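Only one structure is covered here, and it is reproduced in the block below.
Throughout, read-outs are computed from the coordinates displayed, never taken from laboratory work. These numbers come from a predicted model, not from an experiment. All Cβ positions, glycine included, derive from the backbone under ideal geometry; neighbour counts span all protein chains shown.
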Amino acid sequence: MRLPIDPHADPARRAWVACPGCDDARDCGTCLDRRNCRNHWRYMIGNKGHRVHLQCPNCTHMWTLDTSCGRRGGRA
């Protein structure tokens with residue numbers, strides 16, 4: 001089931017991380033070079049401390065990413 005885009009989503013607040021829902025950037029040269037791609041960004045919905053809430057505009061998947069030092073995983 002596709003979710004609607006969150007009403008708090010603002011294209012001015014973006015993050016460039018891989019989407020665990022669709023992995024749409026897997027073959028993008030710009031993303032593979034770890035540069036900010038004009039196509040594969042995520043809405044940054046909000047945050048609580050070092051936990052960032054994101055939504056993919058492609059598949060509408062929402063997840064939380066822990067950005068604290070040494071942490072790399074997210075939570076769906």
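Just a few scattered comments:
- Residues Trp16, Trp63, ranked from the fewest to the most other C-beta atoms within 10 Å, line up as Trp16, Trp63.
- Radius ratio Rg over Rh of the chain, counting only Cα atoms, Kirkwood formula for Rh: 0.94
- Protection proxy ranking of 37-46, 4-13, 22-31 - average other beta-carbon atoms within 10 Å, highest first: 37-46, 22-31, 4-13
- Distant-in-sequence amide H partners of Ile45 (H built 1.01 Å from N, under 5 Å): His53, Leu54, Gln55
- Value of relative contact order over the stretch 14-75, rounded to a whole percent, pairs C-alpha under 8 Å and six or more apart: 26
- Computed [θ] at 222 nm, deg cm²/dmol, the chain (DSSP H ≥ 4; -39,500 (n - 2.57); rounded to nearest 500): -500 deg cm²/dmol
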